Amino acid sequence: MRIRQGIVVAALGGALVACGVQPTGVIEAGEPASGPTRGMRLYYASAAGLRAVPLLDKEIDSLVSVLKLLAEQPPPVEERGGLTSLVPQLSGYEATGEGTRVTVRMDGSYPGSGRDQGTGQLVCTLARAQSVLEPKVRTDDVEVTLRPSDGEVLGPYRCAEFLNG
């Protein structure tokens, strides 16, 4: 029995050595990638939660321009993949950011509950946009506050509160 086991181990060892892959040392290639990507992303709703979609063909220059993009439905390929926009229709709004704080002021009441995917889309997209517009700001550190002219102030929220896988 021991001889048979020894033969099997020797055969496997020989096969591994004979596979043609030569050992190499460590190859230095700079610092490893870390943290989230820096490019702009729009967040859309799906049955599995919020999903980020890279914004490849447009430059952003303000938070308001990002809100206008988010008010549209996702690109057709993303829609076919089950993504949609649940961002409530906002009338008369202004979005400003300074450092890690973003504020959206809007006319009237806010139609969302504050804990819905549409609000999450707003918060995560605006947090990402703020970190793109101010590169020293990390997306995870941005707090977004919604200030309707009618009703309670909502937030401040962080994107992580809306991400569920």
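Some points to look at:
- Residue match in segment 135-156 (condition: assigned to a helix (DSSP H, G or I) and surrounded by fewer than 17 Cβ atoms within 10 Å (Cβ to Cβ)): yes
- Residue that is farthest from the chain's Cα centre (by Cα) [pool: residues in segment 116-165 that are within 21 Å of Gly92 (Cβ to Cβ) and without any contact (Cβ under 8 Å) to a residue 12 or more places away in the chain]: Glu152
- Among the criteria (1) in a loop (DSSP other than H, G, I, E, B); (2) open to solvent by less than 20 Å² (accessible area, probe 1.4 Å), the one Ala95 does not fulfil is (1).
- Just one of the numbered conditions (1) open to solvent by 40 Å² or more (accessible area, probe 1.4 Å); (2) small (Gly, Ala, Ser); (3) within 15 Å of Pro88 (Cα to Cα) is not true of Gly108: (1).
- Taking first residues from segment 50-71 that are more than 20 Å from Pro135 (Cβ to Cβ) and open to solvent by less than 40 Å² (accessible area, probe 1.4 Å) and partners that are part of a strand (DSSP E or B) and among the basic types (Lys, Arg), the Cβ contacts under 7 Å between residues at least 6 apart in sequence or on separate chains come to Val53/Arg41.
The values are calculated or read from the model by the stated rules, or taken from the named source; none is laboratory data. Just so it is clear, the structure is predicted and the values come from calculations on it, not from any experiment. Reconstructed Cβ throughout: ideal geometry from the backbone, glycine too, with neighbour counts over all protein chains shown. For the accessible areas, the whole protein counts, side chains as well, though only heavy atoms, and no ligand, DNA or RNA atoms are used. Shrake-Rupley method; radii C 1.70, N 1.55, O 1.52, S 1.80 Å.
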